[in-house]
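The values are calculated or read from the model by the stated rules, or taken from the named source; none is laboratory data. From a predicted model like this one, the values you see are computed outputs, not experimental measurements. In this analysis, Cβ positions are derived from the backbone assuming ideal geometry, glycine residues included, and neighbour counts consider all displayed protein chains. Protein only, heavy atoms only, side chains kept; ligands, DNA and RNA dropped before computing areas. Shrake-Rupley method; radii C 1.70, N 1.55, O 1.52, S 1.80 Å.
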Amino acid sequence: MNEKEQEDLPLLRVRNLRKFFPIKRGLFSHTVGHVRAVDGVSFDLQKGETLGLVGESGCGKTTAGRTLLKLLPPTGGEVLFQGQPVFELGSEGLRLLRQKMQIIFQDPYSSLNPRMTIAQIVGEALLVHKLVANAKEAKERVCQLLERVGLSAQYVNRYPHEFSGGQRQRIGIARALAMEPEFIVCDEAVSALDVSVQAQIINLLMDLQEEMGLSYLFIAHDLSVVRHISNRIAVMYLGRIVETAEAEDLFAHPSHPYTKALLSAIPIPDPDKRPQRTLLEGDVPTPIHPPSGCHFHPRCPEVMEKCRIDAPPDFDLGKGHCARCWLFEGEAPLAADQWTRMEEV
Ligand code: SF4
């Protein structure tokens, strides 16, 4: 790839990402099937952009986030970060790249080692990656980071159990920021917090993004949570992205029947503005034996005969809005290089 082609690439390009978990049985642990957790996910992320990735629990969004960082070994697909193929990097290349690609986990209670002080938790990576010369410098940098995420530097010698859930998530953010990353996967980062604390953490993440030009993949199961922070939103169902659009466009003009059902379940106080509730029948099918054709067909209120047989491609609805649904068969299928629609953020 020449320099010009590299410059034209988005910060992150994900193509046909797949992650299947083998199901083993018997004395010799034979593989008898696979859980198809992520089954052909593609998207682009521009510098300074936030892509919200939403879907019900078990749809594969967390697995997708971890696989693209290579925290889980991928089954297939390609991930380019600043033009570098993440899955082809050796351990040294991956170590350098990991500095730029960080993750904030859902559970601030279990993601911080209870036996380590905040200075050790946040400072450890600074020393390992040689971003500071010694322990004294590491502690000074940790104090700066704590203040940057809204905590007092006096907390530096305290242990995780001495903090509230919101404060622990701020420590998780400080730990991610220590590496001076360019891209952060926020994996259900606010889902375990009270609504008022959620808003504070989302505002902090947005402030940091503006200040540092960060890009986020913001994973959540609640559409109303991702609306405020996301430039674009991708909706996932059973291992696949079924609809992608600019955040406001998705809320104003949801196209895929699954997105419509998710949106209709969001509580709206004003009865005049409430959309008609779409009740989905049945449970999410197992990703071990996903339904034929469109994965959503057993629950879809608009199912047609064709949906049971053929899997729909992504149809281009214009302005970066695309939906994987046969209802839009008259529209042009999305070409492989058409994922980048976001103008400069
Ligand atoms: Fe429903 Fe068919 Fe569209 Fe799938 S392709 S979402 S079953 S209308």
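Go ahead and set up a Gaussian network model of the chain, Cα springs under 10 Å, then flag whichever of 168, 232, 308 fluctuates most. So, out of 168, 232, 308, the one fluctuating most is 308.
For the pair residue 88 and residue 157, a Förster radius of 41 Å applied to the C-beta separation gives a FRET efficiency near 0.45, rounded to the nearest 0.05. Between 255, 230, 196, which gets the highest mean-square fluctuation from a Gaussian network model of the chain, Cα cutoff 10 Å? Looking only at 255, 230, 196, the biggest GNM fluctuation is shown by 196. Our helix-only sum for the chain, with -39,500 (n - 2.57) per DSSP H run of n ≥ 4 divided by its residues, gives a mean residue ellipticity at 222 nm of -8500 deg cm²/dmol.
The eigenvalues of the Cα gyration tensor, multiplied by 5 and square-rooted, give region 98-256 an equivalent ellipsoid with semi-axes of 31, 16, 13 Å from largest to smallest. Coordinate range of the alpha-carbon atoms in region 14-142 per principal axis, descending: 53, 40, 31 Å.
Between 0 and 90 degrees, the angle of helix 195-212 with respect to the longest Cα principal axis of the chain falls at about 80 degrees.
Taking a straight Cα-Cα cut-off under 22 Å and skipping sequence neighbours fewer than 8 places away in the same chain, the lysines within cross-link reach of residue 139 are 100, 130. Angle of helix 135-148 to the longest C-alpha principal axis of the chain, folded into 0 to 90 degrees and rounded to 10: 50°.
Once C-alpha pairs closer than 8 Å and six or more residues apart are averaged by separation and normalised to the residue number of the chain, the relative contact order reads 19 percent. Relative to the dominant Cα principal axis of the chain, helix 165-177 is inclined by about 80°.
In the complete set of protein chains, residue-level accessible area for residue 110 is approximately 90 Å², probe 1.4 angstrom.
Quote the Stokes-Einstein diffusion coefficient, in whole µm² s⁻¹, for the chain, based on the Kirkwood radius over alpha carbon pairs, a temperature of 4 °C and a viscosity of 1.567 mPa s. It diffuses with D of about 60 µm²/s by this estimate.
Quick one: grab the alpha carbon gyration tensor of region 140-199, order the square roots of its eigenvalues as a ≥ b ≥ c, and give me rounded if a/c is under 1.5, else prolate or oblate depending on whether a/b is larger than b/c. The partial results should precede the final answer.
Working: a/c = 2.09, a/b = 1.15, b/c = 1.82.
It comes out oblate by the Cα gyration axes.
Can you give the longest run of the chain that contains no chymotrypsin sites (Phe, Trp or Tyr not before Pro) sitting in a DSSP loop with at most 16 other Cβ atoms inside 10 Å? Longest site-free region, per DSSP loop and neighbour criteria: 110-345. Stretching residue 128 away from residue 78 to a fully extended chain increases their span by 15.2 nm, per 0.36 nm per residue minus the current alpha-carbon distance. Result for the chain in a Gaussian network model with C-alpha springs under 10 Å: among 306, 19, 100, the largest mean-square fluctuation is at 306.
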